[in-house]
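This report refers to the structure that appears directly beneath it.
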Amino acid sequence: DPDAVARALDRDAPWAVVNAAGFSRVRAAERAPERCRRDNALGAAVLARACAERGVALVTFSSHLVFDGAARAPYVESAEALPLGVYGRSKADAERWVSAALPEALVIRSSAFFDDAEDGVLSRALRALARGDLVELRRDRALSPTYLPDLVHAALELLVDRAGGTFHLVNEGAVSPFDFVKRAAAERGASDRTLREARASEPIVPVYSVLGSERGAL
């Protein structure tokens with residue numbers, strides 16, 4: 001809501017805005033494309049225009065899912081965005097619209113989040129394994145795990161330094177979702193006996209979405 005955003009910025013007079021909102025359910029986005037587009041792309045564009053009018057810095061978050069997976073070397077910031085699904089398209093639109101409204105905005109692409117939160121993807125998988133529940137994950141995919149506290153610290157450092165443009169912020173290395181959970185279980189001394197390889201059935205998710213950077217490692 002442009003009016004609500006304007007009122008909030010005028011009331012609080014921030015020096016920067018961090019846009020951490022959005023529609024994050026990749027599969028559900030296919031069933032709710034307009035909601036996903038509104039939350040991820042239109043909302044980000046509204047924020048960018050309001051920040052541009054007031055000289056306020058902005059950071060917004062994008063995704064490794066803006067790429068189609070055809071590459072076999074890590075995607076860098078200048079790689080062309082060719083999303084496969086609704087979610088990826090909403091993020092690619094957000095990147096374009098934010099950059100058009102506020103060229104100095106900080107657009108951060110990251111990948112599969114993990115942290116110690118009880119509701120994190122990794123935590124949920126490990127809890128399911130501990131209960132003996134079946135956990136099915138892809139082994140034919142490659143992505144860059146992103147430790148959420150590292151992402152937050154690096155993003156805020158860039159924001160404080162008034163960096164702009166697109167940055168890829170991920171942890172080093174590439175791994176499949178299957179092997180990532182298997183390694184995490186081994187490090188915790190947990191059983192992975194109910195971990196199974198899932199069949200390929202997600203054309204909306206790229207097989208290869210490893211991120212690299214041409215702007216320096218943070």
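Worth a mention:
- Percent of Cα pairs exceeding the 20 Å cut-off, where the set is region 87-183: 50
- Environment charge of residue 137, counting only residues whose C-beta is closer than 10 Å and scoring Lys/Arg +1, Asp/Glu -1: +2
- Rounded tilt (10° steps) of 2-12 against the dominant C-alpha axis of the chain: 80
- Relative contact order computed over the chain (Cα-Cα under 8 Å; 6+ residues apart), in percent: 25
- Looking at region 1-148, the DSSP beta bridges with both ends there are about 0 percent antiparallel.
- Which labelled figure in (i) 56, 33, 30; (ii) 57, 52, 23; (iii) 138, 39, 26 is Cα extents along the principal axes in Å, once derived from the coordinates: (i)
- Each Lys and Arg Cβ is given +1 and each Asp and Glu Cβ -1; about its Cα centre, the chain then shows a dipole of about 640 debye.
- In order along region 108-113, phi translates into HN-Hα couplings of 10, 8, 9, 10, 5, 6 Hz, rounded to whole numbers, per the Karplus curve 6.51 cos²θ - 1.76 cosθ + 1.60 with θ = phi - 60° and x for Gly and Pro.
- Dipole axis of the chain (+1 Lys, Arg; -1 Asp, Glu on Cβ), positive-most option in 17, 198, 117: 198
- 222 nm mean residue ellipticity, helices alone, for the chain (DSSP H n ≥ 4; -39,500 (n - 2.57); rounded to 500): -11500 deg cm²/dmol
- For the chain, carbon and sulfur atoms together expose 52% of the accessible surface, with a 1.4 angstrom probe and every protein chain in place.
- Counting only DSSP beta bridges with both residues in region 60-218, the antiparallel share comes to about 5 percent.
- The value of relative contact order for region 1-62, using C-alpha pairs under 8 Å at least six residues apart, is 51 percent.
- Burial ranking of peptide ranges 8-19, 154-165 (average Cβ count within 10 Å, highest at the top): 154-165, 8-19
- Solvent-accessible surface of the chain, taken per residue with a 1.4 Å probe and all protein chains present: 53 Å².
The values are calculated or read from the model by the stated rules, or taken from the named source; none is laboratory data. Please read these numbers as outputs of a predicted model, since none were measured by experiment. Every residue, glycine among them, receives a Cβ derived from its backbone with ideal geometry; neighbour counts consider all protein chains shown. Just the protein is used for accessible areas: all its heavy atoms, side chains included, with ligands, DNA and RNA removed. Shrake-Rupley method; radii C 1.70, N 1.55, O 1.52, S 1.80 Å.
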